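See below for the structure under consideration.
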Amino acid sequence: MIEELIKKLNKQEVQLVAVSKTRSNEQIMELYDQGQRHFGENRVPELVNKYDTLPKDIKWHLIGHLQTNKVKPIAGFVDLIHSVDSLKLLKEINKQAKKNERAINVLLQMHIAEEEAKYGLQESDLEAIFDAIKSQDLQNIKVCGLMGMATYSDNNQKIAQEFSILKGLFDRLKGTDPLDKDFKIVSMGMSGDYEIAIQEGSNMVRIGSLLFA
Ligand SMILES: *Cc1c(COP(=O)(O)O)cnc(C)c1O
């Protein structure tokens, strides 16, 4: 089942992030043994514990809301942080990356859903973030793209519309200052809506329950 899904996604040039939150190391190793290397977690202590105990060639994604005081433990190894939702957080990631003498890849999480509960930036927040990147010493972050979560709904049209807004924003931003060739990821789509997300232009999906069912 996972092999078929990976094959299908590869054909569409979509990166699969296997969302392994709450899953055991044994469950993760089952997917690892089938070739899966990108895994996503939403809690820092769990992510650190899994990093410490699992093979070092796993690429770890932090996909959930991240508090500034939780950046430090993951700064040395995290592959991609999907959930940058404030300038304050971006600055802290830069600071911790610098201490580790590396660059950290990040996505800007955009609020595209109807639900207020979901985290994310508004388009109007971006200017201040881009100004900071242009004018400040944020040399240790790489803005690699956008992430978004659609409204939890069975209205596929609504979900498609929300994803299409995110992809539209990505297309408009791509190639504009201060974004460069690193800006290439659109992380959207989970177990329930990844097919719609891919139709709307996603190139990275975060899938949990479907893989570990
Ligand atoms: C849990 C989670 C997912 C995966 O959700 P599934 O419905 O299990 O596929 C994707 N993205 C984020 C941000 C999550 O927290």
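The values are calculated or read from the model by the stated rules, or taken from the named source; none is laboratory data. Because the structure is predicted, anything quoted here is derived from the model rather than measured. Here the Cβ is made from the backbone with ideal geometry for all residues, glycine too, and neighbour counts use every protein chain on show. Surface accessibility is based on the protein's heavy atoms, side chains included, excluding ligands, DNA and RNA. Shrake-Rupley method; radii C 1.70, N 1.55, O 1.52, S 1.80 Å.
Brief remarks on what is shown
- Filtered residues of the range 60-71 (kept if outside any loop (DSSP other than H, G, I, E, B) and surrounded by 15 or more Cβ atoms within 10 Å (Cβ to Cβ)): TRP60, HIS61, LEU62, THR68, LYS70
- Of all residues in the range 29-40, those that are touching a residue at least 24 places away in the same chain (Cβ under 8 Å) have Cβ atoms under 6 Å from Cβ atoms of residues that are part of a loop (DSSP other than H, G, I, E, B) and open to solvent by less than 50 Å² (accessible area, probe 1.4 Å), 6 or more apart or on another chain, in GLY40/ILE63.
- Residues in the range 26-40 that are at positive phi and either surrounded by 20 or more Cβ atoms within 10 Å (Cβ to Cβ) or part of a strand (DSSP E or B) (or both): none.
- Each residue in the range 41-54 was checked for being closer than 15 Å to ASP79 by Cβ and either part of a helix (DSSP H, G or I) or of a type in the set (D, E, K, R) (or both), and 6 of them qualify.
- Among the residues listed as GLY168, GLY120, the single one being without any contact (Cβ under 8 Å) to a residue 40 or more places away in the chain, small (Gly, Ala, Ser) and at positive phi: GLY120
- Screening the range 155-213 for residues that are within 11 Å of the ligand (Cβ to nearest atom), of a type in the set (S, T, N, Q) and not in a helix (DSSP H, G or I) and picking the one that is most open to solvent (accessible area, probe 1.4 Å) gives SER191.
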